[in-house]
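Below: one structure, written as structure tokens.
The values are calculated or read from the model by the stated rules, or taken from the named source; none is laboratory data. This structure is a prediction, so every number in the text was calculated from the model and none was measured. Every residue, glycine among them, receives a Cβ derived from its backbone with ideal geometry; neighbour counts consider all protein chains shown.
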């Protein structure tokens, strides 16, 4: 099953990164209902839509690629039971909030179980740097941002990832992170300010380097 | 509006989370404030750089496979669960039986009831007597039947016909019935005599002297 990813339209024209994968016309909630009624293909579509997001979100939370794969797997397996038991109620919020909340709780459980201190993970490092100088520069910048994100408090990190990559609204993020909207606003703002600070320093460093 | 006051609202504006009124205020401020415009541009650039190089899984097939394998494992485990429960149930039942037997044995050995034991012994004795009497009765009947059968065989061996044997048997039964009747009659007579129902001074009519025998 091949599903092309498409980018969600930016709401203020300033956020091209927010996106929702999947080209099937059914909404997430419709797919969940179809799966509950026995359509296994609907579950496959949900995995296609949310597989990469679950892996990424878990990876940013636990900072361990292998553990993130286990968490993503557990999340979908758990989703099977929850949906079959009628545990998802669309009236209480979108599926995305419900699902990412589940991923986050599984991540917290795994981290507690392993009792491992969060590390600046190798899995968050960029791919091997190859290519043109501009591309290398872009990779370096991306690596800088990810390093900064990795140092953020857990829920700030979760909030900015869900916003930047999965395009969740503040309300949806609040549901996913068991918080209120005002708090989510603050978390995202703080995360941006931290990223901006590091970004500005990197730019200043680049300018000095090129000026020499 | 001061820039510091606007920062949080600027972040909301970047995400399209402002009310129309808030968005208007932000736009008005951005027109006048180069610093806030620069901030917004940096946020956007950082976001784009981050998203552009974020590694994505080349394929979700491994994830699909992992999920499918785990679901199969769970289903297989669920299918075998009733068997495991049944086995556990049998083991538990045997355990209970063994425990109960041990308790009964321990109570019987450690706390014997003298009264109950005596009663049980008497019941066993009575039962034994009854059983012996029954065996005697049955033994007598069996012996008589065997004797009759042996006599019949002997008679047949001696050339007595079946019809003659049946006639002899009827005569025997008649004699037996008459004998029993006479035995009962004698028993009743002896009983009445013993009770004095008959007067010892009374004489039979034949014992009286004949009239005019002395003339």
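Considering region A:167-185 alone, what residues qualify as being assigned to a loop (DSSP other than H, G, I, E, B) and either within 11 Å of chain B (Cβ to nearest Cβ) or more than 19 Å from residue A:56 (Cα to Cα) (or both)? Listed by number, the residues that qualify are A:167, A:168, A:169, A:178, A:179, A:180. Can you spot a residue in region B:78-96 that is exposed (fewer than 14 other Cβ atoms within 10 Å of the Cβ), assigned to a helix (DSSP H, G or I) and either at pLDDT 90 or above or more than 60 Å from the chain's Cα centre (by Cα) (or both)? The answer is no; no qualifying residue exists.
Pairs meeting the criteria (first residue in region B:3-21 and free of Cβ contacts under 8 Å to residues at least 24 places away in the same chain, second residue surrounded by 19 or more Cβ atoms within 10 Å (Cβ to Cβ) and not in a helix (DSSP H, G or I), beta carbons under 6 Å, at least 6 apart or on different chains) are B:12/B:18. Scanning region A:56-96 for residues that are within 19 Å of residue B:75 (Cβ to Cβ), more than 10 Å from chain B (Cβ to nearest Cβ) and either crowded, with 18+ Cβ neighbours inside 10 Å or free of Cβ contacts under 8 Å to residues at least 12 places away in the same chain (or both) gives A:83, A:85, A:87. Can we say residue B:47 is in a helix (DSSP H, G or I), out of contact with any strand residue (DSSP E or B) (no Cβ under 6 Å at 6 or more places or on another chain) and surrounded by 14 or more Cβ atoms within 10 Å (Cβ to Cβ)? Answer is yes for this residue. The number of residues in region B:55-66 being in a loop (DSSP other than H, G, I, E, B) and more than 7 Å from chain A (Cβ to nearest Cβ) comes to 2.
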